[in-house]
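**Student:** Here it is: the structure, laid out below.
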Amino acid sequence: MEFVQTSPETKIHLRLVKESSISDSSPLLVFLHYWGGSSSTWYKLTSPDSPTSLSARYPSISINNRGWGQSTGPTAESGATGKDYSIAPLAQDLVAVLQSLATNEATASIAKDNGIVLVGHSMGAKVALAALEKLSDDILALVKGLVLVAPAPPTPLILPPRRA
């Protein structure tokens, strides 16, 4: 599984790393990048070539959000949402990816037996939190952990007027 189609114009690219030496009890780590990042953001934690990689202990998936990396997204105004790259559609994409992980041959047994841990950095943390509200009960039961790395504020910051 390299891509998950989440809408007619959106295809989410995934990078799966699963080494044969991984314990049968290790949860699947799902990495979500910040605004402007990509699945490569997590290279040092997910690549078997990196000395700081977690890949020898945990299977992992790094997601490229719509419009980043090899993922595609809406490019023209269409329907009610048009070119929407806000948190809500990114969260809906994550929901579709998690549903796919629970049924895909390469990841279903890990997700169902050991669970999933979502790891979100900045905007990725907001996406993870928003997706949790949208997950069906059976998929939500697979989520065993949530790691929020420097999470973005839940709402835009309103700064005071500049003082003269």
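Computed from the coordinates by the stated procedures, all read-outs in this text should not be read as laboratory data. Small disclaimer: the values here were computed from a predicted structure and weren't measured. With ideal geometry, Cβ positions are generated from the backbone for all residues, glycine too; neighbour counts draw on all protein chains shown.
**Student:** Give me the angle, in degrees from 0 to 90, between the Cα long axis of helix 123-134 and the longest principal axis of the Cα atoms of the chain, rounded to the nearest 10.
**Tutor:** 80
**Student:** Charges at C-beta only: +1 for Lys and Arg, -1 for Asp and Glu. How large is the resulting dipole of segment 79-146 about its Cα centre, in Debye rounded to 20? Intermediate results must be reported in sequence, preceding the final value.
**Tutor:** On the way: 5 positive and 7 negative charges, 40 e Å.
Computed charge dipole of segment 79-146: roughly 200 debye.
**Student:** Let me ask another. Based on the mean of other beta carbon atoms within 10 Å per residue, what is the order of 50-63, 143-156, most packed first? Can you show the working numbers first?
**Tutor:** On the way: 50-63: 18.6, 143-156: 13.0.
So the order, starting with the most tightly packed, is 50-63, 143-156.
**Student:** Going toward the positive end of the dipole of the chain, with +1 on Lys and Arg Cβ and -1 on Asp and Glu Cβ, which of Pro89, Ile22, Gly120 do you reach last?
**Tutor:** In the chain, that residue is Gly120.
**Student:** Against the longest alpha carbon principal axis of the chain, how many degrees, from 0 to 90 and to the nearest 10, is the axis of helix 87-103 turned?
**Tutor:** 10
**Student:** So if I place +1 on the C-beta of Lys and Arg and -1 on the C-beta of Asp and Glu, and nothing else carries charge, what would the dipole magnitude of the chain be about its Cα centre? I want it in debye, nearest 20. Spell out each step's value before the answer.
**Tutor:** Values: 13 positive and 13 negative charges, 137 e Å.
Charge dipole of the chain: 660 debye, to the nearest 20.
**Student:** Quick one: 3J(HN,Hα) in Hz for segment 19-25, Karplus 6.51/-1.76/1.60 with θ = phi - 60°, rounded, Gly and Pro as x.
**Tutor:** So the Karplus estimates, Gly and Pro as x, are 8, 5, 7, 5, 4, 5, 9 Hz.
**Student:** Turning to a different aspect of this structure: Provide the descending list of Cα extents for segment 1-112 along its principal axes, expressed in whole angstroms.
**Tutor:** On the principal axes, segment 1-112 reaches 46, 28, 18 Å in Cα extent.
**Student:** If you don't mind, another one. Over all alpha-carbon pairs in segment 65-164, figure out the percentage whose distance exceeds 23 Å. Don't skip to the answer; put the middle values down first.
**Tutor:** Values: 1825 of 4950 pairs.
Cα-Cα pairs in segment 65-164 separated by more than 23 Å: 37 percent.
**Student:** Next question, about the same structure. Assuming R0 = 25 Å, what is the FRET efficiency of Asp49 and Asp24, from their Cβ-Cβ distance, to the nearest 0.05? Don't skip to the end; give the middle numbers.
**Tutor:** On the way: r = 24 Å, r/R0 = 0.96.
With R0 = 25 Å, the Cβ-Cβ based efficiency is 0.55.
**Student:** Among Gly73, Ile139, Asn104, whose Cα projects farthest towards the positive end of the dipole of segment 47-164, with charges put on the beta-carbon of Lys, Arg (+1) and Asp, Glu (-1)?
**Tutor:** Gly73
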